[in-house]
Amino acid sequence: MKTRHITLPTGQPFMVPQGVQRLDSTSTRGWQVRYQGTKYFPDGTVGADKSLQNATKELLRRIATMPAPAGLKKVISPRKTTGLPVGISGPIVVNGSGTENPSASLSVLVPRFGKVNQVKRIHIGTPNTYTKARYKAALAKAIEVRTEALALYEAAATKAKRKEANVLKKELAAARQ
């Protein structure tokens, strides 16, 4: 997990994990966990060291129990006029190589964690075979492909985040000794 070095105005240095932010203002002094929501840990009577330890424990607890934030769009853009779900476009009409008959398909963006995204085409039909029923069947298939890809992406992102958290735990344990 990424960490960064922060030095407080008092000169006190800290190694802070990604997902924890320092809040310093005239009325606020403490650490804030920002992972699937926020939680504030004030320095108060315990001091900056102890509040950072508490914030880091909370961050590690959240990583261990919550899915990783995927960062993928979940809401349809207001500029999208087709009404299709996020990640699905079409129908797209293309001329196949070596044929004069065009064919229509839906385009599905398949996210892959840590890899280049793929675009899959779901065939609807040609001008002679295109029907509303075939369009609906292709749309159902496209939604299924996208849903499965999102589930795999989120599982891989969560696994990677938890692996990073385990490395951070070991680094923190080694630093305490």
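The values are calculated or read from the model by the stated rules, or taken from the named source; none is laboratory data. Note that the structure is a prediction, hence the values are computed from the model and not measured. Ideal geometry is used to build each Cβ from the backbone, glycine not excepted, and the neighbour counts take in all protein chains shown. These area figures cover heavy atoms from the full protein model, side chains too; ligands, DNA and RNA do not enter into them. Shrake-Rupley method; radii C 1.70, N 1.55, O 1.52, S 1.80 Å.
When Lys73, Lys57 are screened for being modelled with pLDDT of 85 or more, over 17 Å from Thr158 (Cβ atoms) and open to solvent by 70 Å² or more (accessible area, probe 1.4 Å), only Lys57 passes. When only residues in region 20-50 that are over 13 Å from Arg62 (Cβ atoms) and polar (S, T, N, Q) count, which is modelled with the highest pLDDT? If we take residues in region 20-50 being over 13 Å from Arg62 (Cβ atoms) and polar (S, T, N, Q), then Gln21 is modelled with the highest pLDDT.
Of all the residues in region 6-22, those that are more than 15 Å from Gln53 (Cα to Cα) and open to solvent by 30 Å² or more (accessible area, probe 1.4 Å) number 4.
Condition test on Ala68, is it within 25 Å of the chain's Cα centre (by Cα), open to solvent by 30 Å² or more (accessible area, probe 1.4 Å), at negative phi and in contact (Cβ under 8 Å) with a residue 40 or more places away in the chain? For Ala68, the condition - within 25 Å of the chain's Cα centre (by Cα), open to solvent by 30 Å² or more (accessible area, probe 1.4 Å), at negative phi and in contact (Cβ under 8 Å) with a residue 40 or more places away in the chain - is not met. Taken over region 108-136, the residue count meeting the criterion of being among the polar types (S, T, N, Q) and more than 28 Å from Lys159 (Cβ to Cβ) is 4. Within region 136-154, being free of Cβ contacts under 8 Å to residues at least 40 places away in the same chain and surrounded by fewer than 17 Cβ atoms within 10 Å (Cβ to Cβ) holds for Lys136, Ala137, Ala140, Lys141, Glu144, Thr147, Glu148, Ala151.
Among the residues that make up region 34-54, is at least one of them farther than 22 Å from Ile6 by Cα, surrounded by 13 or more Cβ atoms within 10 Å (Cβ to Cβ) and of a type outside the set (D, E, K, R)?
yes
Mind checking which residues of region 82-135 are assigned to a strand (DSSP E or B), open to solvent by 80 Å² or more (accessible area, probe 1.4 Å) and modelled with pLDDT of 90 or more? Walk me through how you get there before you give the answer.
Restricting attention to region 82-135, the residues satisfying the condition of being assigned to a strand (DSSP E or B) are 88-95, 102-110, 118-125.
Adding the requirement that they be open to solvent by 80 Å² or more (accessible area, probe 1.4 Å) leaves 93, 95, 119-121, 123.
Those that are assigned to a strand (DSSP E or B), open to solvent by 80 Å² or more (accessible area, probe 1.4 Å) and modelled with pLDDT of 90 or more: Val119, Lys120, Arg121, His123.
On the stretch given as region 9-35, residues that are more than 25 Å from the chain's Cα centre (by Cα) and more than 22 Å from Ala173 (Cα to Cα) total 10.
Could you please tell me which pairs satisfy a Cβ distance under 6 Å, a separation of 6+ or placement on different chains, a first residue in region 31-56 that is among the charged types (D, E, K, R), and a second residue that is surrounded by 13 or more Cβ atoms within 10 Å (Cβ to Cβ) and assigned to a helix (DSSP H, G or I)? Cβ pairs passing all conditions: Lys39/Glu58; Asp43/Ser51.
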